[in-house]
Each structure stands twice: as C-alpha cells, then as structure tokens.
Amino acid sequence: MTIHISMKVNGKAVSADVAASTTLVEFIREHLRLTGTHVGCNTAQCGACTVHVDGRAVKSCNMLAAQASGAEVTTIEGLASANGDMHPMQAAFKEHHGLQCGFCTPGMVMSALELKGRFPNATDEQIREALDGNFCRCTGYQNIVKAVKAGLAA
Amino acid sequence: MQAFQLHQPNSVASATQQRAGKDDARFLAGGQSLLAAMRLGLNSASELIDLSKIPGLAGIKVDGNGIVIGAMTRHADVAASADVKRLIPALAALAGSIGDRQVRNMGTIGGSIANADPAADYPAAVLGLGATVQTNKRAIAADDFFKGFYETALAEDELITSVRFPVPTKGAYEKFKNPASRFALVGVFVAQTAGGVRVAVTGAAGSVFRVSAIEAALAGNWSAAAAKAVRVSADGLNSDLHASAEYRAHLITVLAARAVAAS
Ligand SMILES: Cc1cc2nc3c(=O)[nH]c(=O)nc-3n(C[C@H](O)[C@H](O)[C@H](O)COP(=O)(O)OP(=O)(O)OC[C@H]3O[C@@H](n4cnc5c(N)ncnc54)[C@H](O)[C@@H]3O)c2cc1C
Ligand code: FES
Ligand code: FES
C-alpha cells in the first residue's frame, strides 16, 4: 500500500507517495537523497539516525515516514549556513576531535542540539545523559562531551 | 519491514472500528516497541492504525486528588511536567528513566502499558500507585489490568485513552537498570496510598506483580529496615543471562528498602 506524505525537511516542503512501511530514515536517505543521516543498527539502538521532528530528537529508523507527515524535520544537512559555514556545534566537534570515523557524528550533533534547547549550560553529566541513546565505537566519548560543552557555549 | 496498510484515523471511534474483528491489525502509538519488533520479525501486522492524528489523546491534567495522563503523552512530557513533578515526583522520575532521550520523545504511556513488557517501567507505577486505566469502553483498575507475559485485560478493539494516577502520601521508584537496554532488571515502586501500602515489582517475573509480604511489613513500619527484613521467594521469578531468580529475589527487598528511604 502506498500513502501520500508531505512534510518540511530542512525548511523545504517535500511530498511523495511511498510504501506505508517506509521508515523516516529510508525516506530521508533514499527518496530525498540526504545521506548525512546514517543507519547503524536499524533497530533503535545506536542513535546514528537521529534527526529532529518538530524540534525533538528521534531515531528516524524507528519511525514511519507517515508518522512525520505534516511535521518539520531537520537533518544534519540543515545545520550549516547557506555559505557552507559549519554550525557552531559541528565546528566544536571538529575543533575538539569529537569524532574519528564520523559514523555516529550526525546523530551526536542532532542530540547535542536538542540538549542546547533544554539545558544551554548543561553539565558533563547532563550531556552524557542526553547522549545515552547515541553510541560511538571510536572515541570513547571523552572528546564528544568536550565538543558538546564547547558547542553549547558557542 | 514487511508491507502493511496504514490507517491514520482522526477519532477514537474510527480507530477502534478499524481494529474491530481483525486479528492482524495493531494500534501504532510511538512505535518504539512495535516498529522495532516488526523489523526484527518478532511481531507482524497487516494493518497499522496510527493514533497520532487523533486530537485530545495527549496531555496531562490535574483532576481532584489525581493526575490524568492521556494515552499518547510521550515519556519526555511526563518527565518534564511541572504538575507531575510537584504531585507525584516518583512518576516523573520514572518516566525520565525510560530508555534514552530519543525513545522518551516518541514512546507513550498508553503504548507502554498496552505492551506490558515484563521489564517495562510504567506498569510498576500503574500497579504501585493503584492507577485506573481508562479505555474507550470502561475504566480498569490496575489490579485487574496486567494479566501475564505481554498480556493485559484489553480486548482487541479496546483503546487506552488515559491513565488516572491518584496522588499518594509517599511514593518512590527504584530500578536496577540493565545497563545495555536500560529496562528494569528489577524495578520496585513503593507507595502509601489512600487504599494502603502498595509495592509493585517489574522486571522480575513474567508480569508486574505486588509483594504482599513487603506491603504488610511497611504498613506496620514504613522503614527501609522493615522492607529489607522480608524474605522474598525466588519461586517463579526469571532466571536469564542477566541474573538468576535468587539474585532478582534479593534485589526486590534491596530496591524496596532504597525506595522507602528515598520516599
Ligand atoms: C532503545 C529502547 C530502549 C527502551 N528502554 C525502555 C526502558 O528502559 N523502560 C521501558 O519501560 N521501556 C523502554 N522501551 C520501550 C518504550 O518505552 C516504548 O515507548 C513503549 O514500550 C511502547 O510505547 P509506544 O508508544 O512506543 O508504543 P508502540 O510501540 O506504538 O505500541 C506498543 C503496543 O501497544 C499497543 N498500543 C499502543 N497504544 C495503545 C493504546 N492507546 N491502546 C491500546 N493499545 C495500544 C500497540 O498496538 C502495540 O501492540 C525502550 C524502547 C527502545 C526502542
Ligand atoms: S540506525 Fe536508528 S538507532 Fe541505529
Ligand atoms: S567516531 Fe566512529 S563511531 Fe563515533
């Protein structure tokens, strides 16, 4: 069964007819070709696929595209400014070596940005708590926490 | 994921009509349990009925000496609610301890209770506080709601619309988290309610259950020592790669004591 969906992604109105079972991350990556959002586990464990739906961080592999119909979605591609300058949170990850292979990074940045809305002066503990659903297999998290702290302050 | 039909009704009446008489249809709330289970092949459905477009199913209201939480209210919103934090802080803390931030942004109280995962957190609050589950058909007391392993009193076409929690005199929840899944290896909710002391345990058996021996001990003496002095039998408790039944039995008294101390 196909279903008609429409939403705003990174400020742009998009609509499509998709199979009802299409997940939000499939829609983002395979229909919109926005491949910055990554798929690690595809079973709601790792957080690599984190995007914002109406300002809330969610795992886009564990949500139907149809559930986001009518919503405003922001992906990692929506953060940099039009001239290509990185968002301060992205710049902080680069500056503080908050990534190695970079696979988890888009999800980490999206989770960190949601935290900024709730706790602009988050403590290390609040940062770690907010990133509980984002796994990194490379860094050991230390520099990610540092980067998020700097990104929140920027 | 396997193919299915998706309905997005805008009223409770049409949602339950679409569900009626179909073995293989499911309501879809936050999808945090159902969609993951479907992708893993642990669950299947030929039709999903998305509840997110029905107005009025989400929200938190203070109602006399209780709090009414709409079925589609997300865990994150219960955790952040000023009313819940003021009147039943243990419930706000419990909601804030579920899974991770992204799961709490999508997962709903109605979905958690209907799912009745044996290690889920909300069932401990529902049973521990003696809440009432409101459906499109009737009000169900917590003591009659949880029936066993992933089993509830809900009929197939019965939809949870809200849950009413009476405000307790005292209440606290302590969970020993499985560090990987964050589900409860064991979780214990203790409360002093108008109907007496209630102690509900999740994670330890096939379904959430009350421990009358600890309730009796605490009714006479609300203290950590009284809870800790009770011996809970390991009979019928879960043994798995995470913990033996004896370990879980021991944790029940330890966590009950900690919860009393924190209440
Ligand atoms: C990574 C991860 C970690 C998690 N950790 C925890 C944890 O620590 N503790 C915990 O308790 N849970 C945990 N969960 C589960 C989470 O809390 C789910 O949100 C919850 O179990 C189901 O809620 P849902 O809204 O997502 O329901 P769904 O997945 O949409 O539905 C679950 C079931 O309930 C039925 N249903 C949904 N709403 C209703 C309704 N209103 N009336 C009748 N039936 C309904 C559906 O048909 C389905 O069978 C975790 C999940 C994930 C993915
Ligand atoms: S890909 Fe979505 S949580 Fe891992
Ligand atoms: S940088 Fe490689 S997984 Fe995080």
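What follows is calculated from the coordinates using simple rules that are stated; it is not laboratory data. Bear in mind the structure is a predicted one, so any value in this text is a computation, not a measurement. So basically every Cβ, Gly included, is an ideal-geometry build from the backbone, and we count neighbours across all protein chains shown.
With both partners inside the protein assembly as shown, how many of the DSSP beta bridges are antiparallel, as a percent to the nearest 5? Working shown, then result.
Numbers: 51 of 60 bridges.
Given both bridge residues lie in the protein assembly as shown, the antiparallel proportion sits at roughly 85 percent.
Quick check on chain A: helices-only [θ] at 222 nm, where DSSP H runs of length 4 and up contribute -39,500 (n - 2.57) each and the sum goes over total residues. Nearest 500, please.
Details: 4 runs with 41 residues, N = 154.
That calculation yields -8000 deg cm²/dmol at 222 nm.
Once the Cβ-Cβ distance between residue B:254 and residue A:1 is put in as r, and R0 is 56 Å, what FRET efficiency do you end up with, to the nearest 0.05?
Values: r = 51 Å, r/R0 = 0.90.
Efficiency computed from Cβ-Cβ geometry: 0.65.
I need the shape label for the stretch B:1-108. Rule: rounded when a/c is under 1.5, else prolate if a/b > b/c, else oblate, with a, b, c from the alpha carbon gyration tensor. Mind showing how you got there, number by number?
Numbers: a/c = 3.06, a/b = 1.61, b/c = 1.91.
Because a/c hits 1.5 or more and a/b fails to exceed b/c, the stretch B:1-108 counts as oblate.
With labels modelled as points extended 7 Å from the Cα through the Cβ direction, what inter-label distance (nm, one decimal) is found for residue B:239 paired with residue B:212?
Calculated label separation equals 2.6 nm.
For the stretch A:36-43, just list the computed ³J(HN,Hα) in residue order, Karplus coefficients 6.51, -1.76 and 1.60, θ = phi - 60°, integers in Hz, with x standing in for Gly and Pro.
x, 6, 9, 10, x, 10, 6, 9
Cβ neighbours within 10 Å, averaged per peptide: list B:246-254, B:188-196 in order, most packed at the top. Write down the numbers at each step before the final one.
Details: B:246-254: 19.2, B:188-196: 21.8.
So the peptides B:246-254, B:188-196, ranked by packing, come out B:188-196, B:246-254.
Taking the Cβ-Cβ separation of residue B:156 and residue A:43 as r and a Förster radius of 35 Å, what is the calculated FRET efficiency to the nearest 0.05? Don't skip to the end; give the middle numbers.
Values: r = 27 Å, r/R0 = 0.77.
Efficiency, from the Cβ-Cβ distance: 0.85.
Could you grab the relative contact order for the stretch B:1-53? Cα pairs under 8 Å, six or more apart, rounded to a whole percent. Intermediate values should be presented prior to the final figure.
Details: 71 pairs, mean separation 29.2, N = 53.
Rounded, it is 55 percent for the stretch B:1-53.
When A:46, A:101 are ordered from fewest to most other Cβ atoms inside 10 Å of their Cβ, what list results? Present the calculation step by step, with values, prior to reporting the outcome.
On the way: A:46 22, A:101 10.
By the 10 Å Cβ count, ascending, the order reads A:101, A:46.
For the stretch A:133-143, take each phi angle, set θ = phi - 60°, evaluate the Karplus expression 6.51 cos²θ - 1.76 cosθ + 1.60, and give the result in whole Hz per residue in order, putting x for glycine and proline.
Taking θ as phi minus 60°, the curve returns x, 10, 9, 10, 9, 10, 7, x, 6, 3, 6 Hz for the stretch A:133-143.
Which of B:44, B:112 comes first, and how do the rest follow, when ranked by fewest Cβ neighbours within 10 Å?
Working: B:44 12, B:112 26.
Ascending Cβ contact count within 10 Å gives the list B:44, B:112.
Residue-wise, which Karplus ³J(HN,Hα) couplings in Hz belong to the stretch A:20-29, taking 6.51 cos²θ - 1.76 cosθ + 1.60, θ = phi - 60°, and x for glycine or proline?
These are the phi-based 3J(HN,Hα) values: 4, 7, 5, 7, 4, 5, 4, 4, 5, 7 Hz.
I need B:106, B:72, B:38 ordered by Cβ neighbour count within 10 Å, fewest first. If you can, show how the numbers build up before the last one.
On the way: B:106 26, B:72 23, B:38 20.
Least to most surrounded, the residues fall as B:38, B:72, B:106.
Taking each residue in A:68-79, count the Cβ atoms of any other chain within 10 Å of its Cβ, then average. What number comes out?
On the way: counts 1, 4, 2, 1, 0, 0, 0, 0, 0, 0, 0, 0.
Taking the mean over all residues of the peptide, I get 1.
Calculate, in nm to one decimal, what residue B:86 and residue B:225 gain on full extension: separation in residues at 0.36 nm each, minus their alpha carbon distance.
On the way: separation 139, 0.36 × 139 = 50.04 nm, distance 2.75 nm.
Fully extending the segment from residue B:86 to residue B:225 adds 47.3 nm.
Label the stretch B:114-263 by shape, choosing from rounded, prolate and oblate, from the square roots a ≥ b ≥ c of the eigenvalues of the Cα gyration tensor; if a/c is under 1.5 it is rounded, and otherwise prolate applies when a/b is larger than b/c, oblate when it is not. Walk me through the numbers on the way to the answer.
Details: a/c = 2.01, a/b = 1.24, b/c = 1.62.
It comes out oblate by the Cα gyration axes.
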